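Since the structure comes first, as structure tokens, the remarks are kept for the end.
The values are calculated or read from the model by the stated rules, or taken from the named source; none is laboratory data. Nothing here was measured: the structure is a model prediction, and the numbers come from that model. Cβ placement follows ideal geometry from the backbone for every residue including glycine, while neighbour counts extend to all protein chains displayed. These area figures cover heavy atoms from the full protein model, side chains too; ligands, DNA and RNA do not enter into them. Shrake-Rupley method; radii C 1.70, N 1.55, O 1.52, S 1.80 Å.
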Amino acid sequence: MRNDSMRRLWQRGKFHLSALMMLVPLPFLPGYFSPKPIFVPPEVRRDVAVGPFSVTLATYDEAPGRMPTGERMKEYRIHIRPADIDHVRGVFLRVGKPRSLRTAGALAFGNPYEREADVTVPDELAGTEELWVTMEDWSGGVHQASLPLGEIFGGKR
Amino acid sequence: MSVGKSRTRLWFLWHSWLAMPIWAFLFFVCLTGTIAVVSTEIMWLVNPAMRASGGGEALPPSALIAAAEAAAPGGRVSSLSWGGSHMAVSARLAMPDGTSTTAWVNPVSGVVQGVSTGNSFQSFFRALHGWLMTFPVGWYLVTLLAIPLVGSLVTGLVVYKRFWKSFYQPRIRWRQAPRVMWGDLHRVAGTWSIWFIAVISVTSLWFLIYMMLFHLGMGLGGGKVPVLLARDQIPVAATAPKPDVDAVLASAKAALPDMRLRYLWLPGTAYDPATVAGSSGQVPLLPDYVRVNPFTAEVIIIEGGMDAASGIELTRTIMRALHTGDFGGLPVKLVWFAFGLLMTTLVFSGMLIWMKRTARATVEAVRDVRRGSRLAEGPSNA
């Protein structure tokens, strides 16, 4: 008897099951409307002094993503002190020492307090690579600093 | 039973079954899409800060930027967006904590009427409708619906002989049994929405194909090489020079005199140009982008429109505009909204009809087809 009514419920109800798709966005609702993400993936942060500027580099503790073009990319955020934002003309990030200002690497863009840069990462890493930060100020000065890439890479390698 | 008749019946079964297993999902996507079409207008009704009516001399962008930055301490305006004659200008600000904020500025008085943080209602509905807020899985789930949609349209046209009669003799028997009424409504609404369903399913298929190619590493390209300023074009100064946005806008307007202004983007880096976007009226689907040197206010290049766009870029812009109905102002949006509601009704009425009829018809047809095929092929099918 009970089996019968269960079966009838299933017969009638199975075609409405696709309504369950509406549950998919539910977990993302609270995060969507809050200005800061609620579930922030763990971050790796390093403070670096680049000439007169002290900045904080941050990246998610995740392996680099692969672009459709096949390149490996890692996203970095560069926090700049509020007092400095009008003095910084450009921030460039590159794996390996740039040979000149023309090859300084990925130009950071966006929010002047927290610029972001997508840095190309080589497929094979020897473990001795360095991440170079090149900063230009508005008077034409160029400042550089580097740190071991392994310190600010994240993810399992 | 004649072969022709049973073939029609098979088409009919296809029509009945295509959307049924997923009807609730399709219904949800149709409904959220319909709301997304007019989400800006809904917010305009709900949020008084977005409204700005009445005439008067419009303030220059520099005044709007100054007002917005004064209302959000530490914020730096990254873009201005002009919505229309009854809308406040929305100023997007980058905040010191890395988030962004929107300030609604009255274009005539310069009063900041409201400040809202986080994502807007509009982008929420777009994310809900377009990818269930789960990118890219949701994008595929939603765009795959284009296939049953095309199928329903084609099979519906095959099954509903003389559908064009619904254009000049629409008949809905409101007083009859609900099954009859829903059936009539389904046929009339379906006939009147043929063009709309075709537009929506073709554009959705495009979104599906576009994303597939992108993920397969065969991006369609067509994106232009970004316009950048050379290092020697950037002035040397003690601190960052403020771009003269009023001069930037004036040169853009001089370059495209009949342009209806939509956006002003400030440079994202010291090497980026400022961009003024608007529709110039000659090609309503295709906006123009005027890239301007922020330091000298010289126009570097005008992109967009018919001439400058590549085929892919043109397709992308047109497909998006056709899908959202956002190309001819409020009248077009209202048409898209009305037909979106009609399409949502089609999904719902289809489900009701199915529940009341098709289950039984399928059992019969399957039996008939089995019997028929046995009669036709029986002896030779050894």
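Find the helices (runs of 4 or more DSSP H) located wholly in the range B:128-182 whose residues include 3 or more that are under 20 Å from residue B:201 (Cβ atoms) and without any contact (Cβ under 8 Å) to a residue 60 or more places away in the chain, and list them. Lay out the reasoning, then the answer.
Values: elements: B:137-143, B:146-159, B:165-168.
Fully inside the range B:128-182 and qualifying: B:146-159.
Determine whether the range A:5-18 contains at least one residue that is open to solvent by less than 50 Å² (accessible area, probe 1.4 Å), touching a strand residue (DSSP E or B) at 6+ places or on another chain (Cβ under 7 Å) and either more than 12 Å from chain B (Cβ to nearest Cβ) or in a helix (DSSP H, G or I) (or both). If you could, list the steps in order and put the result at the bottom.
Here is the first cut: in the range A:5-18, the ones open to solvent by less than 50 Å² (accessible area, probe 1.4 Å) are A:13, A:15, A:18.
Restricting the remaining residues to those that are touching a strand residue (DSSP E or B) at 6+ places or on another chain (Cβ under 7 Å) gives none.
The answer is no, given that none of the residues of the range A:5-18 is open to solvent by less than 50 Å² (accessible area, probe 1.4 Å), touching a strand residue (DSSP E or B) at 6+ places or on another chain (Cβ under 7 Å) and either more than 12 Å from chain B (Cβ to nearest Cβ) or in a helix (DSSP H, G or I) (or both).
Take the residues of the range A:96-118 that are in a strand (DSSP E or B) and closer than 20 Å to residue A:49 by Cβ: which is farthest from the other protein chains (Cβ to nearest Cβ)? Can you show your working first?
Of the residues in the range A:96-118, the ones in a strand (DSSP E or B) are A:106-107, A:109, A:114-118.
Narrowing the set further to residues that are closer than 20 Å to residue A:49 by Cβ leaves A:114-115, A:117.
Details: A:114: 4, A:115: 8, A:117: 10 Å.
Taking the candidates together, the pick is A:117.
Please go through the range B:39-89 and give me each residue that is within 14 Å of chain A (Cβ to nearest Cβ) and without any contact (Cβ under 8 Å) to a residue 12 or more places away in the chain, ordered by number.
Within the range B:39-89, just B:73 meets the criteria.
For the range B:249-262, check the following and say yes or no: at least one residue is of a type in the set (A, V, I, L, M, F, W, C) and exposed (fewer than 13 other Cβ atoms within 10 Å of the Cβ).
Looking for residues that are of a type in the set (A, V, I, L, M, F, W, C) and exposed (fewer than 13 other Cβ atoms within 10 Å of the Cβ), one finds at least one in the range B:249-262, hence yes.
Go through the range A:72-128 residue by residue and tally those that are more than 13 Å from residue A:149 (Cβ to Cβ) and touching a strand residue (DSSP E or B) at 6+ places or on another chain (Cβ under 9 Å). Quick ask: steps written out before the conclusion?
Filtering the range A:72-128 for residues more than 13 Å from residue A:149 (Cβ to Cβ) gives A:73, A:75, A:77-92, A:98-104, A:106-118, A:123.
Then keep just the ones that are touching a strand residue (DSSP E or B) at 6+ places or on another chain (Cβ under 9 Å); that gives A:73, A:75, A:77-81, A:84-85, A:87-92, A:98, A:101, A:103-104, A:106-118, A:123.
Count: 33.
Take the range A:73-104 and flag every residue that is within 25 Å of residue A:123 (Cβ to Cβ), of a type in the set (A, V, I, L, M) and in contact with a helix residue (DSSP H, G or I) (Cβ under 8 Å, 6 or more places away or on another chain).
Within the range A:73-104, just A:95 meets the criteria.
Report whether or not residue B:242 is free of Cβ contacts under 8 Å to residues at least 40 places away in the same chain, away from chain A (no Cβ under 14 Å) and of a type in the set (D, E, K, R). Before you say what the answer is, go through the steps one by one.
Numbers: free of Cβ contacts under 8 Å to residues at least 40 places away in the same chain: yes; away from chain A (no Cβ under 14 Å): no; of a type in the set (D, E, K, R): yes.
So residue B:242 fails the test.
Test residue A:127 against the criterion of being in the same structural domain as residue A:59 (by TED's automatic domain parsing), within 22 Å of residue B:230 (Cβ to Cβ) and surrounded by fewer than 15 Cβ atoms within 10 Å (Cβ to Cβ), and give yes or no. Steps first, answer last, please.
Numbers: in the same structural domain as residue A:59 (by TED's automatic domain parsing): yes; within 22 Å of residue B:230 (Cβ to Cβ): no; surrounded by fewer than 15 Cβ atoms within 10 Å (Cβ to Cβ): yes.
No: the conditions fail for residue A:127.
Let's see how each residue does on (1) in a strand (DSSP E or B); (2) within 20 Å of residue B:262 (Cα to Cα); (3) at pLDDT 95 or above:
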| site | (1), (2), (3) |
| --- | --- |
| B:78 | yes, yes, yes |
| B:84 | no, yes, no |
| B:92 | yes, yes, yes |
| B:98 | no, no, no |
| B:101 | yes, yes, no |
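Of all residues in the range B:322-347, which are aromatic (Phe, Trp, Tyr) and either modelled with pLDDT of 95 or more or on the phi > 0 side of the Ramachandran plot (or both)?
Going residue by residue through the range B:322-347, those that are aromatic (Phe, Trp, Tyr) are B:327, B:336-337, B:339.
Those that are aromatic (Phe, Trp, Tyr) and either modelled with pLDDT of 95 or more or on the phi > 0 side of the Ramachandran plot (or both): B:336, B:337, B:339.
Which members of the range B:250-282 meet the condition of being among the hydroxyl-bearing types (Ser, Thr, Tyr), closer than 27 Å to residue A:110 by Cβ and in a loop (DSSP other than H, G, I, E, B)? If you could, list the steps in order and put the result at the bottom.
From the range B:250-282, those among the hydroxyl-bearing types (Ser, Thr, Tyr) are B:251, B:263, B:269, B:271, B:275, B:279-280; that's our starting set.
Add one more test, that the residue is closer than 27 Å to residue A:110 by Cβ, and what stays is B:251, B:263, B:269, B:271, B:275, B:279.
B:269, B:271, listed by residue number.
Which residue pairs have Cβ atoms under 7 Å apart, sit 6 or more places apart or on different chains, and have a first residue in the range A:71-94 that is assigned to a loop (DSSP other than H, G, I, E, B) and a second that is of a type in the set (Ser, Thr, Tyr) and surrounded by 19 or more Cβ atoms within 10 Å (Cβ to Cβ)?
Partner pairs satisfying both residue conditions: A:85/A:113.
Restricting the range B:94-137 to residues that are small (Gly, Ala, Ser) and open to solvent by 40 Å² or more (accessible area, probe 1.4 Å), which is nearest to the other protein chains (Cβ to nearest Cβ)? Steps first, answer last, please.
Kept after step one, since they are small (Gly, Ala, Ser), are these residues of the range B:94-137: B:94, B:98, B:100, B:103, B:109-110, B:114, B:116, B:118, B:120, B:123, B:127, B:130.
With the extra rule that they be open to solvent by 40 Å² or more (accessible area, probe 1.4 Å), the set shrinks to B:100, B:109, B:116, B:120.
Details: B:100: 7, B:109: 27, B:116: 10, B:120: 10 Å.
Ranking the qualifying residues of the range B:94-137, first place goes to B:100.
Of the residues A:133, A:88, only one is within 14 Å of chain B (Cβ to nearest Cβ) and open to solvent by less than 20 Å² (accessible area, probe 1.4 Å); which? Don't jump to the end; show me each part of the working.
On the way: A:133 fails: within 14 Å of chain B (Cβ to nearest Cβ).
Only one candidate passes the filter, namely A:88.
So, in the range A:144-157, how many residues would count as being open to solvent by 40 Å² or more (accessible area, probe 1.4 Å) and assigned to a strand (DSSP E or B)?
To start, the set of residues in the range A:144-157 that are open to solvent by 40 Å² or more (accessible area, probe 1.4 Å) comprises A:144, A:146, A:148, A:150-151, A:156-157.
Next, only the ones that are assigned to a strand (DSSP E or B) stay: A:144, A:146, A:148.
Count: 3.
Does residue A:72 fit the bill of being under 16 Å from the mean Cα position of the chain (by Cα), more than 30 Å from residue B:75 (Cβ to Cβ) and of a type in the set (D, E, K, R)?
Details: under 16 Å from the mean Cα position of the chain (by Cα): yes; more than 30 Å from residue B:75 (Cβ to Cβ): yes; of a type in the set (D, E, K, R): yes.
Considered against the rule, which asks whether it is under 16 Å from the mean Cα position of the chain (by Cα), more than 30 Å from residue B:75 (Cβ to Cβ) and of a type in the set (D, E, K, R), residue A:72 comes out as yes.
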